[in-house]
Every structure is written in structure tokens, then in C-alpha cells.
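Heads up: the structure comes next, in C-alpha cells.
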């Protein structure tokens with residue numbers, strides 16, 4: 001204790017530290033309050049280290065010799081942004097914790113153009129009157145839908161007509177935007193079914209991230225849940241028997257983050273459309289993710305698309321903007337104009353609506369679909385990325401690692417290729433995987449967990465997977481321009 005007591009007086013006071021020439025320069029640049037807080041934090045940390053017995057006289061002297069650098073680093077940490085870019089090496093494309101879909105550069109450009117000045121967000125330039133913000137994405141969705149229906153009409157005449165009602169025989173389609181898909185579901189239920197019953201299969205009473213449960217949002221909406229069927233088997237007759245004078249809506253919920261297999265049964269969308277329309281009831285479908293891109297082209301089956309549901313005659317479809325759509329966080333509602341107009345008139349809509357930044361990003365994202373420029377959308381580009389391309393990049397990165405290891409007096413890192421699978425993520429296509437090539441890392445001086453922690457603490461942070469005692473990197477979710485940076489991070493993380 002005596003030796004510790006002798007160390008405390010060696011610490012400078014805050015005033016002494018502030019008088020240091022380099023610290024005074026920091027004060028002029030960053031302000032007195034911020035620098036004072038940084039000095040205080042550094043000194044508190046040193047006192048705690050002394051108290052814990054982690055510093056002797058020699059170690060304290062070394063720490064004091066670099067105290068200005070410590071203040072500078074603390075200042076950077078305190079004044080730096082908490083929300084930071086990271087390198088996603090997990091292979092999970094729509095990683096919920098890492099921000100889901102990266103947005104396109106065209107979306108960033110459009111945000112910059114419209115956000116740094118004034119825009120016609122709610123102003124009709126032709127009439128000079130107040131306009132509606134929905135028009136900025138509505139016109140593009142109408143174009144997408146028109147092109148889709150044109151393809152249907154030009155199909156081979158020998159094909160039998162689809163028995164279920166289609167969009168061509170329904171009122172026109174309208175699209176509105178709220179802040180996420182949960183909000184879209186809440187708005188739809190409250191508008192179309194408040195005080196009445198909503199029929200849902202027991203196998204679709206799902207819970208997604210953040211403990212968001214369909215029964216809970218049903219309760220908040222003011223609608224009454226009417227469960228039918230069982231967890232694994234629900235028939236169209238179950239829905240039919242449940243319909244009564246209190247029924248306001250039939251709801252289909254996509255099982256976005258799990259699947260049920262084996263002894264199962266589920267009515268087709270066509271059957272639900274027919275039943276709903278026979279009873280003059282709307283059918284709403286919560287797609288969750290909601291793709292405008294045909295995932296069957298990349299081998300992903302059974303993931304319904306927005307246009308597929310509307311084409312089948314679903315009255316209202318809700319879906320996310322930042323998942324398979326590849327845009328910003330948003331909840332989109334597309335469906336019969338009369339129903340969607342009722343949602344737009346609901347006071348909840350104003351509480352849940354989005355701002356100009358989201359509209360700008362959505363408009364640019366949908367423009368990419370209209371132009372069929374799918375490669376400009378990072379999430380879709382990653383989904384389409386061939387395994388051979390990932391393998392070539394992984395081999396190149398391993399060669400760089402090996403070159404760096406050869407230059408060290410003592411090698412510290414071994415990297416090798418390994419077969420693996422990437423995931424779509426974000427509650428999309430839960431059973432679908434994409435073949436990939438992984439880089440498996442072994443550090444001779446660190447455990448896999450310690451190496452992963454160092455990568456997360458790096459600049460920029462790298463988030464990877466840990467399996468079977470090795471750190472795994474999947475370059476499917478690493479942008480090609482980040483490969484060199486990733487190599488440098490690996491070298492620095494294993495330098496000590």
C-alpha cells in the first residue's frame with residue numbers, strides 16, 4: 001500500500017496537464033471543456049491502474065511519458081461518432097445488427113442532392129399547390145407493376161387462365177411508405193380491422209427480432225386475433241369456418257425467420273384470395289422482407305415476391321425497404337387504392353411517415369429496378385456473386401497474408417481456404433444458403449475469440465464468425481475495395 005501511495009503524487013493535476021504545450025494546442029482546436037474531460041478521463045484511468053496494482057514506478061513513468069498521446073486518443077474517442085462503418089466478413093448479407101442492406105451509391109447521391117437544399121417533397125411544381133410525398137415512389141412502383149402485368153398479358157395464349165382474381169381485374173394499386181414493416185402491419189390492421197376480428201393461422205403467429213410478435217401488434221392495433229388451424233397444418237376450410245359477422249380481414253404472415261417442414265399444410269395464396277373475395281373481405285399479406293427481384297434466378301425458391309402477391313390478387317401487401325429490396329429502412333404498403341387511401345387517411349400514418357432522406361433513397365432504389373440495373377444494388381450484387389469470384393479474391397487475400405507473414409521474424413497467422421455457406425439474413429429465405437469459400441484463420445498467439453475481439457477493436461472494425469476454434473471470413477459481404485484494408489487490419493491485429 002505504501003508503494004501505491006508513493007505513486008499517486010507523481011500524477012499531474014488536470015491544470016498542470018492543460019498547461020502542456022501540446023494539450024493547449026488541442027484546447028484551441030477542440031475547446032476547453034472537451035479537452036478537460038479527456039484529461040480527467042486519462043488521469044482517472046491511471047489512478048485506477050495504480051489502485052489495482054497494475055502499475056509500478058517504472059510502468060507509471062512510461063505511461064506518463066505518453067500521457068499527451070493518451071489525452072489525444074481519449075479526445076478522438078469522445079468526439080468521434082458512435083455509429084461507425086464496419087467491414088462485414090460474416091457472410092450474412094442482410095445482417096440486422098450491421099444495418100441490413102447497404103444502399104446504392106445512386107441513393108446516396110440522390111439523398112445529397114435533395115437534402116442539402118430544398119426539394120419538392122410535398123409541393124406540386126405543375127400546379128404550385130401542396131402535393132403528396134407518396135408520388136415520388138408511387139409512379140415508379142406503378143411502372144414496375146405495369147411492366148409486370150404486360151409480361152403476363154404477353155404470355156403464351158395456350159396457358160390456362162389463373163382461377164384466382166388477379167391485379168388486372170382489381171382496382172388500381174397504390175403504395176405508401178412508413179418507417180418500417182412493423183409499422184406497416186400496425187397501420188393496416190388498425191385501419192382495416194379495428195374492433196373486428198382478423199383471421200390468422202396459428203402457424204403464422206411469428207416473433208421477429210426485438211420480441212415483435214404478431215399477437216402483440218394485433219392487440220395494439222385494436223383488432224381481435226382469431227386463430228385457426230394448428231402450428232403445422234391449416235386448411236382453407238379452417239379459415240372458412242372462422243368467418244362470421246365480426247370478421248374484418250384475413251391475414252397471411254410470411255414465416256420470415258423460420259420454416260416448418262414435415263407433416264404440414266398451408267392454403268395457397270390463390271385459395272385465400274378466392275375465399276376473401278367470396279365474403280367481400282380484404283386479404284392482407286405481411287411479406288416481411290418482400291423482394292422485387294426474382295430470387296429463383298439465383299436458386300432461392302419459395303420466397304414470395306411483392307409482385308407475385310399482387311398478381312395473385314392479394315389486396316394489401318406490406319414489406320420492408322432495407323431487406324431484399326436493398327434500400328433504406330422503411331415499411332411499404334402496396335395494394336388496392338381504396339384500402340391504401342384509408343390507411344393514408346388514418347392519423348397513425350402521419351405519426352409513422354418517413355422523411356425526405358428515406359424518400360430520396362427509396363426513389364433511387366426503385367429507379368434501379370425500373371432500369372433493371374440490379375448490379376447497382378449492393379445486396380442483390382452480393383446475392384448474385386458467384387462462388388468462383390469469391391474464391392479468386394480469397395486466394396489473393398491469403399497470398400497477401402502469407403507475404404506479410406514471411407516478412408516477420410516469427411509467423412503468427414495461418415490462413416487457409418474452406419468450403420462454406422453464406423446466408424441471406426434479415427429474416428429472409430430462412431432455409432436458403434449460398435455456396436461460398438471461407439478464409440479460416442488461426443493465430444498462434446491468440447485464441448479464436450481473442451483474435452475476433454481484436455478485429456472488432458480495429459480501425460475499421462472487422463466483424464467475423466468464430467467456429468471450431470477458428471476465425472472465418474466470408475468475402476461475399478466484404479466489398480472488393482475493402483480487401484486490401486482487411487489484409488492490413490489482420491496484420492495489425494496479430495502484430496503483438
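The values are calculated or read from the model by the stated rules, or taken from the named source; none is laboratory data. Here the structure is a predicted model, which means the values were calculated and not measured. Positions of Cβ are generated from backbone atoms using ideal geometry, with glycine treated the same way; all protein chains shown enter the neighbour counts.
At-a-glance table
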item	result
Search result, residues across the range 287-306 that are over 20 Å from residue 338 (Cβ atoms) and not in a loop (DSSP other than H, G, I, E, B)	287, 288, 291, 295, 296, 297, 298, 305
Qualifying residues in the range 466-488 (those that are buried (at least 18 other Cβ atoms within 10 Å of the Cβ) and in a strand (DSSP E or B)) - the one nearest to the chain's Cα centre (by Cα)	474
Members of the range 218-242 found to be out of contact with any helix residue (DSSP H, G or I) (no Cβ under 8 Å at 6 or more places or on another chain) and either touching a residue at least 40 places away in the same chain (Cβ under 8 Å) or surrounded by 18 or more Cβ atoms within 10 Å (Cβ to Cβ) (or both), listed by number	238, 242
Flag if residue 241 is modelled with pLDDT of 90 or more and not in a helix (DSSP H, G or I)	no
Any chance residue 261 is at pLDDT below 95 and either under 19 Å from residue 312 (Cβ atoms) or assigned to a loop (DSSP other than H, G, I, E, B) (or both)	yes
Options 417, 423: the member that is part of a strand (DSSP E or B) and at pLDDT 95 or above	417
Test: residue in the range 78-85 that is in contact with a strand residue (DSSP E or B) (Cβ under 8 Å, 6 or more places away or on another chain), in contact (Cβ under 8 Å) with a residue 12 or more places away in the chain and surrounded by 12 or more Cβ atoms within 10 Å (Cβ to Cβ)	no
Test: residue 101 is in a loop (DSSP other than H, G, I, E, B), in contact (Cβ under 8 Å) with a residue 24 or more places away in the chain and surrounded by 12 or more Cβ atoms within 10 Å (Cβ to Cβ)	yes
Test for residue 54: is it surrounded by fewer than 15 Cβ atoms within 10 Å (Cβ to Cβ) and under 18 Å from residue 10 (Cβ atoms)	yes
One residue from 362, 348 being more than 19 Å from residue 138 (Cβ to Cβ), assigned by TED's automatic domain parsing to the domain that holds residue 301, part of a helix (DSSP H, G or I) and in contact (Cβ under 8 Å) with a residue 60 or more places away in the chain	348
Only one of 289, 256, 309 that is crowded, with 16+ Cβ neighbours inside 10 Å, at pLDDT below 95 and under 30 Å from residue 119 (Cβ atoms)	289
Out of 458, 453, sole residue that is assigned to a helix (DSSP H, G or I) and either in contact with a helix residue (DSSP H, G or I) (Cβ under 6 Å, 6 or more places away or on another chain) or surrounded by fewer than 18 Cβ atoms within 10 Å (Cβ to Cβ) (or both)	453
Residues of the range 109-132 satisfying the condition of being touching a residue at least 24 places away in the same chain (Cβ under 8 Å), within 18 Å of residue 354 (Cβ to Cβ) and outside any loop (DSSP other than H, G, I, E, B)	110, 111, 113, 114, 115
Tabulated pairs, the range 258-273, first over 16 Å from residue 202 (Cα atoms), second at pLDDT below 80 and surrounded by fewer than 17 Cβ atoms within 10 Å (Cβ to Cβ), C-beta under 8 angstrom, 6+ apart or interchain	262/232; 270/162; 270/163
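Per-residue answers, yes or no, for (1) modelled with pLDDT of 90 or more; (2) out of contact with any helix residue (DSSP H, G or I) (no Cβ under 6 Å at 6 or more places or on another chain); (3) under 24 Å from residue 461 (Cβ atoms):
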{"site": "3", "(1), (2), (3)": "no, yes, no"}
{"site": "13", "(1), (2), (3)": "yes, yes, no"}
{"site": "22", "(1), (2), (3)": "yes, no, no"}
{"site": "54", "(1), (2), (3)": "no, yes, no"}
{"site": "77", "(1), (2), (3)": "no, yes, yes"}
{"site": "91", "(1), (2), (3)": "yes, no, yes"}
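Conditions (1) under 17 Å from the mean Cα position of the chain (by Cα); (2) surrounded by 14 or more Cβ atoms within 10 Å (Cβ to Cβ); (3) within 27 Å of residue 469 (Cα to Cα); (4) at pLDDT 95 or above, marked per residue:
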| position | (1), (2), (3), (4) |
| --- | --- |
| 321 | yes, yes, no, no |
| 335 | no, yes, no, no |
| 380 | yes, yes, no, no |
| 391 | no, yes, yes, yes |
| 400 | no, yes, yes, no |
| 406 | no, no, yes, no |
